[in-house]
Amino acid sequence: MSRLTDLLARTKAKDAQLGSDLEREFKALSSRLPFGLNFERHSPEAVELPLRPIRKGDKVRVLPERGVTKKGDQRLWQVKAIHKAKNLADLELLDSAEVETQSVALDDLVVVAEFRDTIYPGLVSTGKVEQGGDKPFHTIINGENYHVLKALTYTHRGKVDAIYIDPPYNTGAKDWKYNNDYVEADDLYRHSKWLAMMERRLLVAKELLKPFDSILICSIDEDEVHRLALLLEQIFSGSRIQMITTVINPKGASLGGDFSRVEEHLFVIYFGARVVAEVRDMLDESKNAAASQNVKWSSLIRGGAQGVRTDSPGAFYPVFIDCESSRIHSFGEALPWDESKESVVPPKGTVAVWPPNHPSGVEGRWGIGPDKARELLSKGALRLGKINPDIRKFPMSYLSSGIMGKVESGEIETIGKKPDGTLVVRYPENTKVTQPKTVWKMPSHNAGEYGSKLLAEMLPKRKFPFPKALYAVEDALKFFLSKKPEAVILDFFAGSGTTAHAVMRLNHQDDGSRQCISVTNNEVAAEEQKVLRERGLRPGDVEWEKYGICDYITKPRVAAAITGKTPNGDPINGEYKFIDEFPIADGFEENAEFFTLTYEARSAVNHNLAYARIAPLLWLRAGAQGRRIDKLPAEGWEVADNYGLLTEVDQATPFIQAMSKAGLRVAYIVTDDDRRFQAITKRLPDGVEPVRLYESYLTNFSFTNGE
C-alpha cells in the first residue's frame, strides 16, 4: 500500500466517516494523472532480518507460532528493554495513538529495517573457493540488495565498469516481494510497487558506476518493458539509452489465444565515452560460416539525406565506362555549376555515367570524389558490376577507408585479383567483426538449453525458475568489456549466478582479471516456504536458510563453475560451446568468496568493536585481492597485499615505511584526531589513498541516507 493509503486506513479506524470522505476525494484526484510516468512512491520498503540479533531500540515484528502458515502480526513494535536472563523483550507499539505494550520471547521476534533507516553494514565470510592464484576475488553477498548497494557506496562509489541485472519481471506469479508480501497479479498497486522498488535501487546503483566510462544493462519482458523505459529515461536523463530485442525461446510461449512470445528485451544505458565494441560476427540462424568471411563493398552512389549534389558538389562527376570490355576507363572532373552534362565529351569508346537523381528528385552524387576514385581503382578497390547499357545499369562499388585500413594491416586477407584488377578479399575464418545489431537471434541465447539445462547439470535436482542463458549474458558483457580485462561488474539481482559465471568465461578467453560482485537475498521459494512452515520452521532456522536462493543456488553454482564439480563432488557433464569450447569439468582459474550482510551498531563501529565485520569492506574497497586483515593488529599496524591498517597512530613511522612497497592502494588510519590524520597522510607514498576510520565509514552511510 502507498503511504497515503496507509494514512487513510488509520484515519478510517479512528473516524469512519472522515476516512471515507478523504478516500473518495483521494480516488478522484488519483484518477487525474498528468502525462508521462507517474506512480505511487510507496511508503519505504521494510525487510525482515531473521539473522540479526535483537537490540534495544530495534523495530521488530512478532512472529506467528511455529507451524502456522498464515501471516503474523504485521504491526511494528519498538524494543524498550531486553531481559536476557528471562529471554524476554519489552515492546511498545509504534505509531499508535494509545500506548500499547507487551513482553515477548526474543525467539519470537524478528528485526525489521525500513529503507529510510540509516544502516551501518558489515560482512561475515561464509566460505571461499580459491583456484585463481593472485587474481582478485569474485564476491557473492547474501543480503537485501538495497542495503548491499548502500554498503557498496563505501567500497565502490564511482568504480564499477558495468552493471548487468535481471530484475523480477512482475508477472504476478509470486516472483518477488514488497514489504514482506508477494506481489500478485490482482494487486492494484502491482506496477507502482515494482517501479518504486526499481527506482530506489537504480538511484543508488547510479552512484557506483564510473561516470565517464561505464554501462548498465537491464533485461525485461513485456510486462514492464514500457514502464521501465520511462523510468530509465527519468533516472538517467542525458544518457544514451538503447533497447535490444533478443530471442530466448525459439519455440515460443503462449497462454493460448495470443501470439507466441519468443523474445525479451535488454535496455543498455551508456555513461560517458562507453561505446559498443565491434566484435567477431555473431551469426544468426540464417547465416553460414562462409558469409562470415565476406567483406562489405559500399555502393558508389551516396544514399541518405546527404546524397544530393548540393551537399558535396565535388562528388558530381562522370565515370567513363568501356562497355565492350565491361571496365571502368577513367574518371572526369567535378562538373561546375554553370556547365551542363552535355558539355562533357567521353573518351572514344566509352559512355559517361553520372550519379543518378536522388529519390527526392534533385541531382544526386557519388560517395567519393574523383581523386579518391582514381586511387582506389589503381589499387583494385573500386569495381564495376554486371552492366546493362540498354537500361543504363552500371553498378559500381568500392572499399571504404575503414575496410582499406584493415586490408593494409592484414586484418583482412587479400587472396588475389580478378582479371579486371579488382581485389579479392575476405576475413580470415572466425575473425570478421561487425557493428552489433539491435535484434539478436542466436542459438546460444536459448534460455532453455543454456540456462535451465546447464544449471541442472551443475546443480542436479535443484530447481531455479528461468535462469538466463550463460552465453546471452556473456555476449552482452563482451560488447563493452572485451578491452577492459580488469573491469568490475555488479549484478544486484544475481539469482542463479549467471553473470559471475559469464565473467569467468570472459576471463578464460583473454586471461583477464575481471571481478564480479553478485548480490542476492536468501529468499525461499513460495511453495517451499509453506512446506517448511508446516514443519514448524521459520526464517533464520538453519534448516530453513539452507533452501534460500543464495545458499541453495547462487553460491553452489559459482563454486561449481570454478571447481568443475557438482555440490556432491561429481565432475559436471558437458562442454562449453560456440566459443572457447572445453569441458565444464575443467573449471576456471578463479577465486570467489561468499559473504552475508550484517547490521552493526554505530557505537560499536565508533569504538572499534565491530572491526571483524568491517574488515571485508576495507578489503573490498582495496580491490578484493590477496590477504585480508581480519583482526586488529597487536602491533598497532599491519600491511596486507593491497592495503595497510594503522590502529595506533604512534606507530606511524614503521607503518609508513611498510607502505612504501609497490602495489599498495589504500592506507586505513584509525584516529579521531584530524590533525594527526593529515600529518600521516602527507608522509604516505604517492598513489596511496588515505582513508580515515571510522569517520569516512560513518559519514558515508549518513550521507547516503540523506542526513
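Of note:
- Amide H to amide H, with H built 1.01 Å from N, Trp440 comes under 5 Å of Thr245, Thr246, Val247, counting only residues 5 or more places away or on other chains.
- Cα-based reach from Lys150 at 19 Å (exclusive), listing lysines while leaving out same-chain residues under 8 positions away: Lys159, Lys206, Lys210
- The alpha-carbon of Lys27 sits under 19 angstrom from the alpha-carbons of these aspartates and glutamates, leaving out residues fewer than 8 places away in its chain: Asp6, Asp15, Glu40, Asp186, Asp187.
- Gyration tensor verdict on segment 486-635 (Cα atoms; rounded if a/c is under 1.5, prolate if a/b is larger than b/c, oblate otherwise): oblate
- In degrees, nearest ten, helix 498-510 long axis to first principal axis of the chain (Cα): 50 degrees
- Karplus-derived 3J(HN,Hα) values for segment 107-117, using 6.51 cos²θ - 1.76 cosθ + 1.60 with θ = phi - 60°, are 5, 9, 10, 9, 5, 10, 10, 8, 6, 8, 6 Hz; glycine and proline are entered as x.
- Annotation: per residue accessible area for segment 266-422 equals 54 Å², rounded to a whole number [probe 1.4 Å, protein chains only].
- Taking amide H as placed 1.01 Å from N in the peptide plane, Tyr694 has its amide H under 5 Å from the amide H of Thr671, each at least 5 places away in sequence or on another chain.
- Lysines whose Cα lies under 19 Å from that of Lys441, excluding same-chain neighbours fewer than 8 positions away: Lys251, Lys287, Lys432, Lys468, Lys478, Lys577
- For segment 535-580: accessible area per residue (Å², 1.4 Å): 45 Å²
- The 3J(HN,Hα) values that the Karplus relation (6.51, -1.76, 1.60; θ = phi - 60°) gives for segment 223-229 are, in residue order, 5, 10, 4, 6, 5, 5, 4 Hz. Gly and Pro appear as x.
- Table column - 3J(HN,Hα) (Hz), segment 470-484, Karplus curve with 6.51, -1.76, 1.60, x for Gly and Pro: 4, 6, 5, 5, 4, 5, 4, 6, 4, 4, 10, 10, 4, 10, 10
- Packing-based ranking, highest mean first, of 259-270, 594-605 given that Cβ atoms within 10 Å are counted: 594-605, 259-270
- Theoretical ellipticity at 222 nm over the chain - DSSP helices of four or more residues, -39500 (n - 2.57) apiece, nearest 500: -7500 deg cm²/dmol
- Ranked by how many other beta carbons lie within 10 Å on average, peptides 503-512, 464-473, 620-629 from highest: 464-473, 620-629, 503-512
- Annotation: amide H-H contacts under 5 Å for Glu263 (H modelled 1.01 Å from N, sequence separation of 5 or more, or interchain): Ile248.
- Per-peptide packing, taken as the mean over residues of other Cβ atoms within 10 Å, places 663-671, 392-400, 70-78 in the sequence 663-671, 392-400, 70-78 from highest down.
- A value for volume of the Cα convex hull per residue in Å³ was derived from the coordinates, and within the list (1) 244; (2) 272; (3) 217 it appears as (1).
The values are calculated or read from the model by the stated rules, or taken from the named source; none is laboratory data. The shown structure was predicted, so the numbers you read here are calculated from the model rather than taken from an experiment. Using ideal geometry, Cβ is built from the backbone for each residue, glycine included, and neighbour counts are taken over all protein chains shown. Heads up: the accessible areas ignore ligands, DNA and RNA and are worked out on the full protein's heavy atoms, side chains in. Shrake-Rupley method; radii C 1.70, N 1.55, O 1.52, S 1.80 Å.
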